[in-house]
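The structure appears below as structure tokens.
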Amino acid sequence: MKKWIKAARLRTLPLSVSGILVGSAAAYQQYHTQENYYFIVVLCLLTTLFFQVLSNYANDYGDAVKGTDNENRVGPKRAVQSGEITASQMKNAIIITSLLSLLSSLSVIYLSFGSENFLQAILYFILAIACVGAAIKYTVGNSAYGYKGLGDLFVFIFFGLVSTLGTYYLFGHTMSLIIIFPAITIGLLSMAVLNMNNMRDIENDTAVGKNTLVVKMGFQKAKNYHFFLLLNATIFLNIFAIYTFSHWYQYIYIVAFIPLLKNLGIVTKTTNPRLLDPELKRLSLSTFFLSLLISIALILNALIYENNLPWSRFFSNWS
């Protein structure tokens, strides 16, 4: 069991649930009184974790059989690469995790849409199948999109837009256009995590023919691209905050920009790509921390002012 937990790469899981947290929190004020609100939140979190573990298993398998994971790889050794898990065992794990992902998806789809909204349920199930396909095809197969520089696009779509907007829609079956701003923010920050991963691996990826976007643009341009991602993530989130927040304490999310600025400084100064490995975990956790603070701000606003809780006067006096 220990080797499978290690292969699941637990440090990647917080980033995967960021969009779920924000999408659920954005829907809280309108829909938290619904009987199934919390069940949908839990099932969304569980489904996303299954998708992420599936992606990690598939990535482990795909890079190993292609020879991308070798003795020159930077970072922790992968399970198939090190021989802890055979390629055949990992392939079976991918199949099992895919089925668990789809089963969890079906559960949340049925809970949200029931049997009355058949067409919407079918569309969401197709989306779930697309998520499974995207998780696997990143590195597996001859047409793996991660080897063609398309990983960033898929990360933006599934970690940002699908995760945040898709979750929000499950509660009320309606969409608020303003939610697209935090969805874009999380998508851009998730792209930044992938970009840093690819910057770290640029030397080995170039040698084995893994044509990530970083390999195509080069290390220096990848640094500029990283700055572009973090800058625009900040802009989109602040647009959302200005439009949505009306009280000082809701802007506490700004403290999460401190590690992001530090990350940007380290990336700017780094000349050896291998030294970026520690920053991967920090950037991933910073994105999760940011999404958590945004979610808390959204929920607090609803709790304090709609339910007139005892401390509402305190916050009102300081707003």
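The values are calculated or read from the model by the stated rules, or taken from the named source; none is laboratory data. Because the structure is predicted, anything quoted here is derived from the model rather than measured. All Cβ positions, even for glycine, are placed from backbone atoms using ideal geometry, and neighbour counts span all protein chains on display. All accessible areas refer to the heavy atoms of the entire protein, side chains included, with ligands and DNA or RNA removed. Shrake-Rupley method; radii C 1.70, N 1.55, O 1.52, S 1.80 Å.
Odds and ends about this structure:
- Each Lys and Arg Cβ is given +1 and each Asp and Glu Cβ -1; about its Cα centre, the range 70-163 then shows a dipole of about 280 debye.
- Under a Gaussian network description of the chain, with springs only between Cα atoms under 10 Å, the residue in ASN263, ASN142, ASN36 that fluctuates furthest is ASN142.
- For the chain: relative contact order, % (alpha-carbon pairs under 8 angstrom, 6 or more apart): 24
- Taking a ≥ b ≥ c as the square roots of the eigenvalues of the Cα gyration tensor, the range 97-194 is classed as oblate, since a/c reaches at least 1.5 and a/b does not exceed b/c.
- Residue with peak Gaussian network fluctuation, the chain [Cα springs, cutoff 10 Å], from LEU13, LEU261, LEU293: LEU261
- Shape of the range 1-150, Cα gyration tensor, a/c cut at 1.5: prolate
- Largest mean-square fluctuation among PRO273, PRO76, PRO182, in a Gaussian network model of the chain whose springs join Cα atoms under 10 Å apart, belongs to PRO76.
- Within straight-line reach of LYS210, meaning a Cα separation under 17 Å, sit the following lysines at least 8 residues removed in sequence or on another chain: LYS66, LYS137, LYS148.
- With the helix formula -39500 (n - 2.57) applied to DSSP H stretches of n ≥ 4, the chain reaches a computed 222 nm mean residue ellipticity of -23000 deg cm²/dmol.
- Only lysines eight or more places from LYS221 in sequence, or on another chain, were considered; those with a Cα closer than 17 Å are LYS269.
- Nearest 10 degrees, 0 to 90: helix 180-200 Cα axis against the chain principal axis: 20
- Between the Cα long axis of helix 37-66 and the first principal axis of the chain there is an angle of about 10°, rounded to the nearest 10.
- Helix 18-31 and the longest principal axis of the C-alpha atoms of the chain enclose an angle of approximately 20°.
- For the range 117-218, the Cβ-based charge dipole about the Cα centre amounts to some 120 debye (Lys, Arg positive; Asp, Glu negative; other atoms uncharged).
- Excluding ligands, DNA and RNA, the accessible surface per residue across the range 159-300 is 42 Å² with a 1.4 Å probe.
- Over the range 157-252, the hull volume per residue, using the convex hull of the C-alpha atoms, is 112 Å³.
- Listed candidates [x] 22.5, 93; [y] 19.6, 59; [z] 20.2, 63 - label of the one calculated as Rg and Dmax of the Cα atoms in Å: [z]
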